[in-house]
Amino acid sequence: MPTNSSSLYLPFGENKNAAWYGKDIVSVKQFSREDLEYVFGVAHEMRGMVERVGTLDLLKGKILANLFYEPSTRTSSSFAAAMERLGGSVISINEVKYSSVTKGETLADTVRTLECYTDAIVLRHPETGSAEIAAKAMHKPLINAGDGTGEHPTQALLDMFTIKAELKRFDDLTITMLGDLKYGRTVHSLARLLSLFNVKLNYVSPNILKMPKEVMDEVSEKGISQNEFSSLEDVLPETDVLYVTRVQKERFENADDYKKVKGAYIIDLDIMKTAKQKMIVMHPLPRVTEISMDFDDDPRAAYFRQMEYGLYVRMALLAMVLGKA
Ligand code: NCD
């Protein structure tokens, strides 16, 4: 968490890493437009290096703890792969029922324990605000891999990298977020990051799953136009990025409410006939029924490419906070 004056040498670009060395990544609110450009630049270099040589030794000897209190496939494995491709190693704790958490240990004590053995912790936890609590308890970097319905900053950074890689710009794009905008932490982080650019945001959701007012207020303070809809048909033709989300079953208090909205929107080849030819469909994944598999081979389906970009962005973030002094 706190900084250390040693600056990092990275074999690419300007030495801006000094600003991120030893820092936590808790919220997208920490990132300016300039920071994004820097992350994208490093991620781009990482991609080239993975393609050329596969594995580097930038973080040789460093150890990352992957502490997951909620299920994960992509986030945990891409952080592990990112760390190993940078030459470091990983301790994974994803069965917290086998850890001292079951004995009643607090999150603060658990992270203080793990930081004795490692150089940084990636944390996923069901409670909003948990990442901040953990970061305050620790002395080493904490990376938020999803805190309840709060934020998922590294996902939003990889989502931004995907948009940049696929459409080459942010300004003047119309981005439509679809599905569970209330409980989906990825869209909370992504809307905030997009508000750094001149975009138009559409939110399409069932009435009970609307984008939280707190996020909308922050975005509107940046002067960004936001409009809410219940039907996708109204906005699909103008959309450049359709960001589809899963209805977050695990966050519902009432199972009947979940049943009412679970199949609210389905993206398939038929509905996509009304969309532009040059646009992309994204999804943080996992998907349940919201994108039909028959759409997967369409060139606009960017969600598998998005996963791969995630590796390069997470390599960039680890290099920034942990890189060799
Ligand atoms: C997302 C998450 O955990 O918030 N998944 C991910 O990290 N790729 C989205 C989801 O679970 O629906």
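Placing one equal scatterer on every Cα of the chain and applying the Debye formula, the log10 ratio I(q)/I(0) at q = 0.09, 0.15 Å⁻¹ is -0.46, -1.26.
On the principal axes of its alpha-carbon atoms, region 75-212 has extents of 48, 38, 23 Å, going from largest to smallest. Counting lysine pairs in region 182-325 whose alpha carbons fall under 12 angstrom apart, excluding pairs fewer than 8 residues apart on the same chain, gives 7.
If you bin all the Cα-Cα distances of region 199-277 at 10 Å, starting from zero, the percentages per bin are 15, 44, 33, 8. Each part reduced to its alpha carbon centroid, region 23-66 and region 70-90 end up 12 Å apart. Compute the angle between helix 303-322 and the longest alpha-carbon principal axis of the chain, please, reported from 0 to 90 degrees and rounded to the nearest 10. Helix 303-322 sits at roughly 30 degrees to that axis. Pairs of Cα atoms nearer than 8 Å and 6+ residues apart set the relative contact order; for region 61-209 it is 18 percent. In the chain, helical runs assigned H by DSSP with n ≥ 4 each contribute -39500 (n - 2.57); averaged across all residues and rounded to the nearest 500, the mean residue ellipticity at 222 nm is -11000 deg cm²/dmol. Charging the Cβ of each Asp and Glu at -1 and of each Lys and Arg at +1, and nothing else, the dipole of region 150-275 about its Cα centre rounds to 240 debye. Relative contact order, whole percent, for the chain stands at 21, derived from Cα pairs under 8 Å and 6 or more residues apart.
With bins 5 Å wide beginning at 0, the percent of Cα pairs of region 141-185 falling in each bin runs 5, 18, 20, 25, 17, 11, 3, 0. Computed packing ranks the peptides 108-121, 237-250, 204-217 as 237-250, 108-121, 204-217, most packed first, by mean other Cβ atoms within 10 Å.
Quick note: the coordinates plus some simple rules give every number you see, no bench work behind them. Given the structure is predicted, the values throughout are model-derived calculations rather than measurements. Virtual Cβ from ideal backbone geometry, glycine too; neighbours counted across all protein chains shown.
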